[in-house]
Amino acid sequence: MIQSGTIRSGTIRVLVAADSPVVRLGLSALLTGRTELALAGDAPVAAALGADSTRTDAVLLVLDGNEEAGIAELEAGPHDGGTPAIVLMIAEPAVWAAEALRAGVRGVLPLDAGVEEIEAALAAAAVGLITLHPEATAALMPSTAPARPLTAATQSLTPRELEVLAMLAEGLGNKTIARRLGISEHTVKFHIGSIFTKLGAQSRTEAVTLGARQGLIML
């Protein structure tokens, strides 16, 4: 971990976390000089998950590739209140928002978020608030559209697919589902693909929403 210089009193101490050194350098430069922020350092993702809240108020964590593994690491991380708040930057925030929130993340932003948006999310996270990008908020809001009628396809989910769908509703990643069911990740991906096809879903969030509306799972 690279420690920054003197931290101004009253500012939010931010640790920049990304596996790419270039990304860490770029974000550190972007946040330098912001009124409410002070850089506490930077680190790879795995190291940042064990950050000490007595030295860091918030972690700006970037997952750019292998998002599922990163979310699984967040799920497995400490949740005892002794760790800093996490603001996650990730591709397709609408897809991963539900799982990220279940993993304890307090902010979900896209990879191309602007510096003002990042600063606001970090400031909110540091005081216990949750900030979501509009795409993520829309994905989590109940749709006002009428529920799709049940069809033979939606009723034909196998018992195993129903188990997988229920675990998707819990926000579990493929690796965790595979471990719980005693099957391979490849088989989990096959089941998820079949679920998407049968429900007419385009994402994990939509599959869970449709499954709940049609009484296949309980939320």
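Could you please rank I195, I130, placing first whichever residue has the fewest other Cβ atoms within 10 Å of its Cβ?
Ordered by Cβ neighbours within 10 Å, fewest first: I130, I195.
Counting other beta carbons within 10 Å of each residue's own, what order do R106, R55 fall into, fewest first?
Neighbour counts put them in this order, fewest first: R55, R106.
So how much slack lies between E135 and R180, counting 0.36 nm per residue of separation and subtracting their Cα-Cα distance, in nm?
Contour length minus Cα-Cα distance gives 13.1 nm.
Relative contact order for segment 12-140: what percent, with Cα pairs under 8 Å and sequence separation of 6 or more?
Across segment 12-140, relative contact order equals 24 percent.
Taking every Cα atom in segment 154-213, find the radius of gyration and the maximum pairwise distance Dmax, and write them in Å.
When restricted to Cα atoms, segment 154-213 yields Rg and Dmax of 10.3, 29 Å.
Suppose each label sits 7 Å from its Cα in the direction of the beta carbon; what would the N66-A47 distance come out to in nanometres?
1.6 nm
Taking neighbour counts of Cβ atoms within 10 Å as a proxy for exposure, in what order, fewest first, do H186, H133, H191 appear?
Least crowded to most crowded, the residues run H186, H133, H191.
Please state, rounded to one decimal and in Å, the Kirkwood hydrodynamic radius that segment 12-140 gives when every pair of distinct Cα atoms enters the mean of 1/r.
Hydrodynamic radius (Kirkwood, Cα pairs) of segment 12-140 is 14.1 Å.
Between L25 and E117, what is the label-to-label distance in nm when each label sits 7 Å out along the Cα-to-Cβ direction?
2.5 nm
No value in this document is a laboratory result; all are computed from the given coordinates. Remember, it's a predicted structure, so these values are computed and weren't measured experimentally. Because the Cβ atoms are built from the backbone with ideal geometry, glycine has one as well, and the counts that use them run over all protein chains shown.
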